[in-house]
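Structure, as structure tokens:
Throughout, read-outs are computed from the coordinates displayed, never taken from laboratory work. The model shown is predicted, which means the values in this text are computed figures rather than measured ones. Note: ideal-geometry Cβ built from the backbone for every residue, glycine included; neighbour counts use all protein chains shown.
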Amino acid sequence: MLMKHKYCLKVKNYDIDSYGHVNSANYLRYFEDARTAFLEEMGITIKDLLIQGITIFLADISVQFKKQAFLGDQLDIYGWYEEVKRVKLRWRQEIFNNQTKELIAVARTSGAFLKDGKIIPIPSPIREKMLTYAENKETSL
């Protein structure tokens, strides 16, 4: 069974634009916050990666907006890895309104790990943790 990470948040007044709903750009921050919390739950912190000279590079992100979110809405963000290869990752995240259970937005993100500005294989201990949350548990490539 696929394990998904869950991250919850409440829409704040500064997330709302002049149209009265969450500004589209804020969804990118929501997804980033959820990905960071996901890593931390696995025992991986951005700070520890930086100390090792490692960064996570997001090569691509696409978002499909399905419904609007409004001030005070409780949102649940579910995330998992669609693919964990030797050097490449693909995440999928979905935001749901906690009260109505409606799908608000879907994000697909791809990325890689960098050291000294160059793509490196995903460090083995990190990769093993990520595979726990992966749809495609590919071990080669």
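Filter the range 86-115 for residues that are in a loop (DSSP other than H, G, I, E, B) and in contact with a Ser or Thr (Cβ under 8 Å, 6 or more places away or on another chain); which is nearest to A34 (Cα to Cα)?
Taking the range 86-115 and keeping what is in a loop (DSSP other than H, G, I, E, B), we get 86-88, 98-102.
With in contact with a Ser or Thr (Cβ under 8 Å, 6 or more places away or on another chain) added as a condition, the list becomes 86, 88.
Details: R86: 23, K88: 19 Å.
The selected residue is K88.
Looking for something surrounded by 13 or more Cβ atoms within 10 Å (Cβ to Cβ), β-branched (V, I, T) and closer than 24 Å to E135 by Cα - is there at least one such residue anywhere in the range 13-34?
no
Identify the residue in the range 79-117 that is in contact (Cβ under 8 Å) with a residue 24 or more places away in the chain and of a type in the set (S, T, Y) and, among all such residues, is surrounded by the fewest Cβ atoms within 10 Å (Cβ to Cβ).
So the residue we want is S110.
Which one of Y14, Y19, Y27 is of a type outside the set (D, E), in contact (Cβ under 8 Å) with a residue 60 or more places away in the chain and farther than 25 Å from P123 by Cβ? Write out each step before concluding.
Numbers: Y14 fails: in contact (Cβ under 8 Å) with a residue 60 or more places away in the chain; Y19 fails: in contact (Cβ under 8 Å) with a residue 60 or more places away in the chain.
Unique residue meeting the criteria: Y27.
Pick out the one residue from D60, D76 that is within 24 Å of E40 (Cβ to Cβ), in contact with a strand residue (DSSP E or B) (Cβ under 8 Å, 6 or more places away or on another chain) and loosely packed, with under 14 Cβ neighbours inside 10 Å. Break it down stepwise before answering.
Details: D76 fails: loosely packed, with under 14 Cβ neighbours inside 10 Å.
Answer to the check: D60.
Evaluate the following for A37: is it under 18 Å from G111 (Cβ atoms), in a helix (DSSP H, G or I) and of a type in the set (A, V, I, L, M, F, W, C)?
Numbers: under 18 Å from G111 (Cβ atoms): yes; in a helix (DSSP H, G or I): yes; of a type in the set (A, V, I, L, M, F, W, C): yes.
Judged against the criteria, A37 is a match.
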